[in-house]
1. Can you tell which of L18, L100, L37 is under 28 Å from the mean Cα position of the chain (by Cα), exposed (fewer than 15 other Cβ atoms within 10 Å of the Cβ) and either at pLDDT below 90 or of a type outside the set (V, I, T) (or both)?
2. In this structure, does V160 turn out to be over 22 Å from the mean Cα position of the chain (by Cα), outside the structural domain of P59 (by TED's automatic domain parsing) and crowded, with 21+ Cβ neighbours inside 10 Å?
3. Can you go through V167, V195, V239, V184 and tell me which one is closer than 22 Å to N343 by Cα and more than 24 Å from the chain's Cα centre (by Cα)?
4. Can you tell me which residues in segment 337-364 are touching a Pro at 6+ places or on another chain (Cβ under 9 Å) and aliphatic (A, V, I, L, M)?
5. Specify the residue that is farthest from the chain's Cα centre (by Cα); the eligible residues are those in segment 198-210 that are under 15 Å from R420 (Cβ atoms) and part of a helix (DSSP H, G or I).
6. If you check I48 against the conditions, is it of a type in the set (A, V, I, L, M, F, W, C), closer than 16 Å to F103 by Cα, in the same structural domain as S107 (by TED's automatic domain parsing) and in contact with a helix residue (DSSP H, G or I) (Cβ under 7 Å, 6 or more places away or on another chain)?
7. Can you name the condition, by its number, that W111 falls short on among (1) modelled with pLDDT under 95; (2) surrounded by fewer than 24 Cβ atoms within 10 Å (Cβ to Cβ); (3) of a type in the set (F, W, Y)?
Amino acid sequence: MTLTAPVVPQARIAPPSLTRPIIMTASALVLGAIFILLSPMDAETTFIFNLGDTFISIPDWIVPSRTAATGFAIAALVCAAIAWPINARRGSLFLPAFGLGVFLVMSFLAWVGADSLLPITGLLQGSLLLAVPLIFGAMAGVLSERAGVININIEGQLLVGAFLGAVVASLLNNAYLGLVAAPVAGALLGLLLAVFATRYFVDQVVVGVVLNVLAVGLTGFLYSRFLTEDPDLWNNPEVLPTIAIPVLSGIPILGPILFDQNVIVYLMYVVVTVVQIALFKTRWGLRLRSVGEYPEAADSVGIEVNRTRFRAVILAGAVAGLGGAFFTLGSVGAFGREMTAGNGFIALAAVIFGRWNPIGALAAALLFGFADNLQNVLSIIGSPIPSQFLLMLPYVVTILAVVGLVGRVRAPGADGIPFRKS
């Protein structure tokens with residue numbers, strides 16, 4: 001009798017999705033054609049790269065507007081074409097997508113900058129500065145939501161950080177002491193969120209919204225009661241000085257952007273690096289991610305789920321509060337009512353766009369900061385785009401990024417779900 005092995009059916013592997021290559025190709029074709037057709041034939045665009053003292057002086061690029069728009073549009077189309085074979089191999093489309101975005105932006109600038117001077121390095125430097133509070137807020141969101149607590153309260157944490165940082169710096173006449181006080185304010189608001197979310201199991205979204213209203217009301221009352229009555233005493237902080245890092249600040253383009261900044265920007269580099277390493281390379285990060293992904297399993301191995309969440313939310317509040325100090329101590333030099341202007345909610349969008357990853361959230365925050373600064377630059381140079389559309393640009397980019405570009409994402413498994421120990 002002959003025995004034959006049973007036939008095991010082979011699992012069919014689903015073909016890779018074509019959605020992203022199609023979107024990339026369509027964007028390159030449609031947007032590139034629009035920028036080419038709108039670019040005037042007889043105009044020139046000047047791209048300026050020099051900013052400050054650098055080792056090498058890069059000459060300005062003076063190019064015909066339509067020619068430049070055409071060249072950059074073709075480069076964007078090449079990036080879209082490269083995405084097809086990479087997608088077929090199920091590889092990462094990050095580099096083709098990044099190149100597509102850069103070349104489409106350059107094609108757009110060639111059109112809107114016709115017969116104008118475009119300070120590219122200054123545009124990027126301003127974008128980084130506008131992104132700083134978004135990045136701190138995004139890191140706060142990543143820490144909190146990786147632990148399983150939805151942090152709608154980032155806006156309020158930024159606001160109280162900006163407020164207390166300005167008040168302490170004014171009263172003590174020391175901006176660095178204000179910088180120490182700002183994360184304390186954010187941590188206190190984070191403490192309230194942690195108590196309601198992990199001790200009383202209140203709906204986290206509702207608590208976050210209420211705490212945002214509390215932060216707006218409290219800072220608004222104190223602003224009217226004290227800061228406007230005696231601004232020299234209460235609301236006159238020094239702006240942190242710019243510190244140029246030797247050698248590094250002299251690198252062309254990158255030097256003025258990254259290494260000629262104030263201490264809050266340098267702290268932002270440290271925070272992003274520490275959060276990335278701590279979350280994915282340490283035992284603490286593994287425990288934090290476990291309580292946000294599968295708290296029952298974490299509890300079964302002896303991890304205190306609610307205690308871990310409690311501490312993570314307070315830490316997230318401190319990080320957001322530190323970012324709030326940038327509004328008063330890093331740029332404006334005074335506190336204004338509701339001066340965060342929705343940055344906390346854009347930071348929350350950056351968390352989603354970045355797939356709850358610190359590096360991804362960093363990239364998303366930089367994109368939103370670039371969109372915000374771009375509308376400022378275009379307003380200055382006299383762009384043909386109506387000013388109303390320019391004011392909408394940062395928020396439109398935020399919506400498109402989250403809805404159209406992020407694709408299908410999965411939040412941490414227990415994000416927003418209270419854990420009740422059985």
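1. L18
2. In short, no.
3. Details: V195 fails: closer than 22 Å to N343 by Cα; V239 fails: more than 24 Å from the chain's Cα centre (by Cα); V184 fails: more than 24 Å from the chain's Cα centre (by Cα).
From the options V167, V195, V239, V184, the qualifying one is V167.
4. I346, A347
5. T198
6. Judged against the criteria, I48 is not a match.
7. Here W111 meets the rest and fails (2).
Quick grid of which residues meet (1) buried (at least 16 other Cβ atoms within 10 Å of the Cβ); (2) part of a helix (DSSP H, G or I):
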{"residue": "W284", "(1), (2)": "no, yes"}
{"residue": "A297", "(1), (2)": "no, yes"}
{"residue": "I303", "(1), (2)": "yes, no"}
{"residue": "A312", "(1), (2)": "yes, yes"}
{"residue": "L322", "(1), (2)": "yes, yes"}
{"residue": "L329", "(1), (2)": "yes, yes"}
{"residue": "G344", "(1), (2)": "yes, yes"}
{"residue": "L366", "(1), (2)": "yes, yes"}
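The values are calculated or read from the model by the stated rules, or taken from the named source; none is laboratory data. Remember, predicted model here, so these are calculated numbers, not experimental data. So basically every Cβ, Gly included, is an ideal-geometry build from the backbone, and we count neighbours across all protein chains shown.
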